[in-house]
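The structure appears right after this line, and notes come after that.
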Amino acid sequence: MIPVLLFPQFDPVIVQIGPFGIRWYALAYIAGLVLGWRLARHLVRLAPAVATAVQVDDFLTWATLGVVLGGRLGYVLFYQPGFYLAHPAMILAVWEGGMSFHGGALGVTIAIVWFCRRNAIPLLGFADRIAVCVPIGLGLGRVANFINGELWGRPAPDWLPWAMIFPAAGPEPRHPSQLYQALLEGLVLFLVMFALSRRESLRARFGWLTGAFLVGYGIARIIGEFFRQPDIFLGYLVGGATMGQLLSIPMVLAGVWLILRAR
């Protein structure tokens, strides 16, 4: 018999000081924003330059608000609108979990549009540089999901050597889908986007890199969802698809349109 891994019970709180605690999930967001900010300061100055490093510094606050507010409201509206309408005070309880990437993406998109108009920055050129940085936060966020023991995978076949038992999900061995998604949406997508961003001919086609990110993320998310257990309050939707897959389809289509437009 193939041995099964038991999920290590990580403490979701790194440091607790009185009533205040630093959680892995919060650290993932902070690290993703800081690392993305440092990379964006470099990317915006590459030819053709689209903004200054100081403007990227200013945008960090906008990006933070877009990620947090958009991610939370997206989760509320896309995944559990009935629950939060009945318990509106819980909308602010972000420490209880519940963030949507698709909502965060909409929040950051609004922040980019607003920021670029206020500062006379080329919209798609600036969005291209930001898109290269996004997979950093995505990968770290998925690692935090794993540490928290949440968003586990579907039941795994008997022959899978890294099948894992998540105590909160019952005794059945499952795919550690959080790590699959961390690799696909985080590491792999970042390496692809960074390699593409090194080509000046692509940087000059404003919107091309943004389109590539949308297509890449959409495909990675759709693949990852085949291994992830759907949320119990949603289950499988149209044609056996999950909510994450359905929300990713418009992203792929928008990405293809941006790539074609940039040509």
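Results, tabulated for the structure shown:
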{"item": "Residue check for Ala51: out of contact with any His (no Cβ under 9 Å at 6 or more places or on another chain), outside any helix (DSSP H, G or I) and open to solvent by 30 Å² or more (accessible area, probe 1.4 Å)", "result": "no"}
{"item": "Any hit, segment 107-128, residues being under 26 Å from Gly224 (Cβ atoms) and surrounded by fewer than 17 Cβ atoms within 10 Å (Cβ to Cβ)", "result": "yes"}
{"item": "Residues within segment 141-193 that are of a type in the set (Gly, Ala, Ser), free of Cβ contacts under 8 Å to residues at least 60 places away in the same chain and buried (at least 16 other Cβ atoms within 10 Å of the Cβ), tallied", "result": "4"}
{"item": "Test: residue in segment 82-89 that is over 25 Å from Ile22 (Cβ atoms), at pLDDT 95 or above and surrounded by fewer than 17 Cβ atoms within 10 Å (Cβ to Cβ)", "result": "no"}
{"item": "Failed criterion for Ile136 (all others in (1) among the hydrophobic types (A, V, I, L, M, F, W, C); (2) under 21 Å from Gly103 (Cα atoms); (3) open to solvent by less than 30 Å² (accessible area, probe 1.4 Å); (4) at pLDDT 95 or above hold)", "result": "(3)"}
{"item": "Scope segment 1-40; condition modelled with pLDDT of 95 or more and open to solvent by 50 Å² or more (accessible area, probe 1.4 Å); matching residues", "result": "Val34, Leu35, Trp37, Arg38"}
{"item": "Test: residue in segment 153-163 that is under 21 Å from the mean Cα position of the chain (by Cα) and either of a type in the set (D, E, K, R) or over 14 Å from Trp62 (Cβ atoms) (or both)", "result": "yes"}
{"item": "Every residue from segment 194-214 that is of a type in the set (A, V, I, L, M, F, W, C) and buried (at least 19 other Cβ atoms within 10 Å of the Cβ)", "result": "Phe206, Trp208, Leu209, Ala212, Phe213, Leu214"}
{"item": "Given (1) out of contact with any Leu (no Cβ under 7 Å at 6 or more places or on another chain); (2) of a type outside the set (Phe, Trp, Tyr); (3) assigned to a helix (DSSP H, G or I), number of the condition Ala111 does not satisfy", "result": "(1)"}
{"item": "Of the criteria (1) open to solvent by 40 Å² or more (accessible area, probe 1.4 Å); (2) modelled with pLDDT of 90 or more, which one Trp95 fails", "result": "(2)"}
{"item": "Near pairs, Cβ below 8 angstrom, 6+ apart or cross-chain, from segment 104-120 (within 13 Å of Gln55 (Cα to Cα) and touching a residue at least 12 places away in the same chain (Cβ under 8 Å)) to any residue that is among the hydrophobic types (A, V, I, L, M, F, W, C) and outside any helix (DSSP H, G or I)", "result": "Phe115/Ile121; Asn119/Ala51"}
{"item": "First in segment 48-69 and under 19 Å from Gly104 (Cα atoms), second anywhere and surrounded by 13 or more Cβ atoms within 10 Å (Cβ to Cβ) and of a type in the set (Ser, Thr, Tyr), Cβ under 8 Å, 6 or more apart", "result": "Gly66/Thr109; Val67/Tyr29; Val68/Tyr29"}
{"item": "Residue among Ile223, Ile232, Ile259, Ile249 that is within 23 Å of Pro176 (Cβ to Cβ) and at pLDDT 95 or above", "result": "Ile223"}
{"item": "Index of the failed condition, Val56 passing every other in (1) part of a helix (DSSP H, G or I); (2) surrounded by fewer than 16 Cβ atoms within 10 Å (Cβ to Cβ)", "result": "(2)"}
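Let's see how each residue does on (1) assigned to a helix (DSSP H, G or I); (2) more than 26 Å from Leu202 (Cβ to Cβ); (3) touching a strand residue (DSSP E or B) at 6+ places or on another chain (Cβ under 6 Å); (4) among the hydroxyl-bearing types (Ser, Thr, Tyr):
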site	(1), (2), (3), (4)
Pro8	no, yes, no, no
Ile22	no, yes, yes, no
Ile30	yes, yes, no, no
Ala40	yes, no, no, no
Leu77	yes, yes, no, no
Gly98	no, yes, no, no
Gly103	yes, yes, no, no
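The values are calculated or read from the model by the stated rules, or taken from the named source; none is laboratory data. None of the values given here were measured: they were computed from a predicted structure. With ideal geometry, Cβ positions are generated from the backbone for all residues, glycine too; neighbour counts draw on all protein chains shown. The area values use the complete protein model at the heavy-atom level, side chains included, leaving out ligands, DNA and RNA. Shrake-Rupley method; radii C 1.70, N 1.55, O 1.52, S 1.80 Å.
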